[in-house]
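K.L.:
Please see the structure below; I have some questions.
The values are calculated or read from the model by the stated rules, or taken from the named source; none is laboratory data. Quantities reported herein were computed from a predicted structural model and do not represent experimental measurements. Virtual Cβ from ideal backbone geometry, glycine too; neighbours counted across all protein chains shown.
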Amino acid sequence: MNRRKFLENSVLSSTYLGLGGASLSSCYRTSQKKITILHTNDVHSHIDPFPKDHSQYANLGGVARRATLVDIFRNENPNTLLFDAGDIFQGTPYFNFYGGELEFKLMSMLRYDAATIGNHDFDNGVEGLFAQLPYAKFTFVSANYNFKNTVMEGHVKPYEMYVVNGIKIGVYGLGIELDGLVTKKLYKETEYLDPFEMALESERTLKNGQKCDLVICLSHLGYRYQIDNKPSDVLLAAKTRYTDLIIGGHTHTFLDKPVIVQNENGRDVLVNQVGCYGVNLGRIDFYFENNKHAKADAVNILI
């Protein structure tokens, strides 16, 4: 769906997705609670809209337009969280000049709740990332990057939790292997841990230990690869037991709607990614009855 059509209609036209085998209806009982998840990935320092003569993304994107949509959705449903799946940095002169300060300031103004760390977020080194942290008024989550012995130690959490309208939401992060993508002198002693192992540990802690009603992964692993067993969101979804939604990044994959993958328990996991450069905003609404969710609808909106 494009932004203009959305604004003209002033209504969310959704793709309905069944969770846990439940069927969906466009009419929901007022006793149900709705949690809205908004998300971006791989924005790559694109602050302004693309020019009107751009060959691929003419007049699309821009932080101001995203802010307008986020405000509309928050006014519609105050029970809304906003996330990013990494690669915030690198791609325009804004990053070259400001080093990430502007990106973090704007995300803070949009009131992002959390983000994970992508490989390009190391492009000015761990010291460059650390230097911009004062401008980020949101949480960084990454369960499989161990920042011990770096300046980032203690500034990234494996997961974060939110209570929204009585619904407890756990969010953990995963990053791609840096070796081969980022030079060692930039990421230094940052240790890459097996993302599948850390995902299973994180979701188990959030679901069984912290009693979360909804478990979300912010992943910068990539959507899918032709290489067997290379960690990806699709493979991750199949291995999980308690994760409900994987918000992906890295591969710049434009999905029309979330993909449904069955996990180890035979339950449905939603996997979504909204391309790159901030030209799309993802929205997923989860509906809860007695703090148990069985329904969701979703739309990826072209800004």
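K.L.:
Have a look at L174, L221, L206, L236 and point out the one that is under 19 Å from A296 (Cβ atoms) and under 16 Å from the mean Cα position of the chain (by Cα). It would help to see each step written out before you state the result.
P.N.:
On the way: L174 fails: under 19 Å from A296 (Cβ atoms); L221 fails: under 19 Å from A296 (Cβ atoms); L206 fails: under 16 Å from the mean Cα position of the chain (by Cα).
Testing whether each residue is under 19 Å from A296 (Cβ atoms) and under 16 Å from the mean Cα position of the chain (by Cα) leaves just L236.
K.L.:
Does Y145 count as crowded, with 21+ Cβ neighbours inside 10 Å, of a type in the set (F, W, Y) and over 24 Å from N280 (Cβ atoms)?
P.N.:
Considered against the rule, which asks whether it is crowded, with 21+ Cβ neighbours inside 10 Å, of a type in the set (F, W, Y) and over 24 Å from N280 (Cβ atoms), Y145 comes out as yes.
K.L.:
Here is a further query. Got a sec? Which helices (runs of 4 or more DSSP H) wholly within the range 62-118 have at least 3 residues that are modelled with pLDDT of 95 or more and within 19 Å of K137 (Cα to Cα)?
P.N.:
Numbers: elements: 63-76, 93-98, 101-109.
Once the helices (runs of 4 or more DSSP H) in the range 62-118 are filtered for at least 3 residues that are modelled with pLDDT of 95 or more and within 19 Å of K137 (Cα to Cα), what remains is 63-76, 101-109.
K.L.:
Which of the residues spanning the range 82-105 are in contact with a strand residue (DSSP E or B) (Cβ under 9 Å, 6 or more places away or on another chain) and within 22 Å of D71 (Cβ to Cβ)? Give the derivation first.
P.N.:
Going through the range 82-105, the residues in contact with a strand residue (DSSP E or B) (Cβ under 9 Å, 6 or more places away or on another chain) turn out to be 82-88.
Matches in the range 82-105: L82, F83, D84, A85, I88.
K.L.:
Just checking, which of V279, V269 is touching a residue at least 60 places away in the same chain (Cβ under 8 Å) and either surrounded by fewer than 22 Cβ atoms within 10 Å (Cβ to Cβ) or touching a strand residue (DSSP E or B) at 6+ places or on another chain (Cβ under 8 Å) (or both)? Break it down stepwise before answering.
P.N.:
Values: V269 fails: touching a residue at least 60 places away in the same chain (Cβ under 8 Å).
The unique qualifying residue is V279.
K.L.:
Select, from F196, F130, the only residue that is in contact with a Lys or Arg (Cβ under 6 Å, 6 or more places away or on another chain), touching a residue at least 24 places away in the same chain (Cβ under 8 Å) and in a helix (DSSP H, G or I).
P.N.:
Numbers: F130 fails: in contact with a Lys or Arg (Cβ under 6 Å, 6 or more places away or on another chain).
Within the list F196, F130, the selection yields F196.
K.L.:
Also, quick follow-up: Find the strands (runs of 3 or more DSSP E) located wholly in the range 220-301 whose residues include 2 or more that are touching a helix residue (DSSP H, G or I) at 6+ places or on another chain (Cβ under 6 Å) and not small (G, A, S), and list them. Break it down into steps so the answer makes sense when it comes.
P.N.:
Working: elements: 245-247, 259-262, 268-272, 280-289.
Correct list: 268-272.
K.L.:
Does K239 satisfy being of a type in the set (K, R), in contact (Cβ under 8 Å) with a residue 24 or more places away in the chain and under 26 Å from N165 (Cα atoms)?
P.N.:
Working: of a type in the set (K, R): yes; in contact (Cβ under 8 Å) with a residue 24 or more places away in the chain: yes; under 26 Å from N165 (Cα atoms): no.
When the stated conditions are applied, K239 does not pass them.
K.L.:
For C217, indicate whether it is in contact (Cβ under 8 Å) with a residue 40 or more places away in the chain and either assigned to a loop (DSSP other than H, G, I, E, B) or out of contact with any strand residue (DSSP E or B) (no Cβ under 7 Å at 6 or more places or on another chain) (or both).
P.N.:
So C217 fails the test.
K.L.:
Checking T183 against (1) surrounded by 15 or more Cβ atoms within 10 Å (Cβ to Cβ); (2) free of Cβ contacts under 8 Å to residues at least 24 places away in the same chain; (3) closer than 19 Å to H250 by Cα, only one condition comes out false. Which one?
P.N.:
Answer for T183: the failing condition is (1).
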